[in-house]
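One structure is given below, encoded as structure tokens.
The values are calculated or read from the model by the stated rules, or taken from the named source; none is laboratory data. Only a predicted model underlies this, so the values are computations on that prediction, with no experimental measurement involved. Here the Cβ is made from the backbone with ideal geometry for all residues, glycine too, and neighbour counts use every protein chain on show. These area figures cover heavy atoms from the full protein model, side chains too; ligands, DNA and RNA do not enter into them. Shrake-Rupley method; radii C 1.70, N 1.55, O 1.52, S 1.80 Å.
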Amino acid sequence: MLNNWVVMPTCLPLVLRRCRTCASEHFRADGKFRVNANHKLLDVWLLVLCTSCGETARLTVLERMNVRAVPPELLDRMHDNDPELAAELLQDPVVRRRNRIALDWDNAWRLDTAGSDYLDRDAIDVSVRFAARIPVRPVRLIAEGCGLSRAEVERLIAEGKLVSAVRLSGKLSGDFTFTLKR
């Protein structure tokens with residue numbers, strides 16, 4: 001029987017970027033947008049606040065775009081300060097590259113395992129699905145989901161009792177499955 005786990009975001013991640021005022025490297029996004037129109041051209045920024053001094057920084061979303069080129073639904077979401085749109089844009093590689101930022105997902109996600117009544121079986125098959133592109137070490141997920149220490153998970157991998165089609169060392173942000181034999 002296949003058990004399904006889901007890695008869910010609990011809040012927006014912190015934005016890693018140096019503050020010009022206090023040299024802090026963490027900014028908090030709360031989903032606020034600034035839309036500026038200059039005749040028929042639009043500039044749109046996602047506003048982020050420094051966690052230390054509260055200074056506002058702008059992340060460029062759209063730059064010098066013709067108003068007619070922007071879908072009206074998207075423009076409405078920006079005017080409404082949609083936090084879901086902010087989450088989508090923060091995960092967009094184009095936006096991150098353009099603004100030279102990285103994301104800090106520490107304490108911004110949780111693992112939903114749908115109970116632990118299956119953990120006493122001799123073998124369990126688990127499918128891990130990511131609701132967002134959150135980079136997490138599979139060893140950490142397996143340890144948290146199965147109630148084991150990370151060292152115990154590493155030992156099970158070395159003994160061949162924990163197998164997966166993907167490499168379990170390093171970080172993953174995509175779906176994977178694994179089998180644990182006791």
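See the values below:
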item: Among (1) of a type outside the set (Asp, Glu); (2) modelled with pLDDT of 90 or more; (3) outside any strand (DSSP E or B); (4) open to solvent by 30 Å² or more (accessible area, probe 1.4 Å), the one test that Leu156 misses; result: (4)
item: Qualifying positions in region 134-153 - part of a loop (DSSP other than H, G, I, E, B) and of a type outside the set (Ser, Thr, Tyr); result: Ile134, Pro135, Arg137, Gly147, Leu148
item: Residue pairs meeting the criteria (Cβ under 6 Å; at least 6 apart or on separate chains; first over 26 Å from Ala158 (Cβ atoms) and of a type outside the set (Ser, Thr, Tyr), in region 124-143; second assigned to a helix (DSSP H, G or I) and open to solvent by 10 Å² or more (accessible area, probe 1.4 Å)); result: Arg133/Gln91
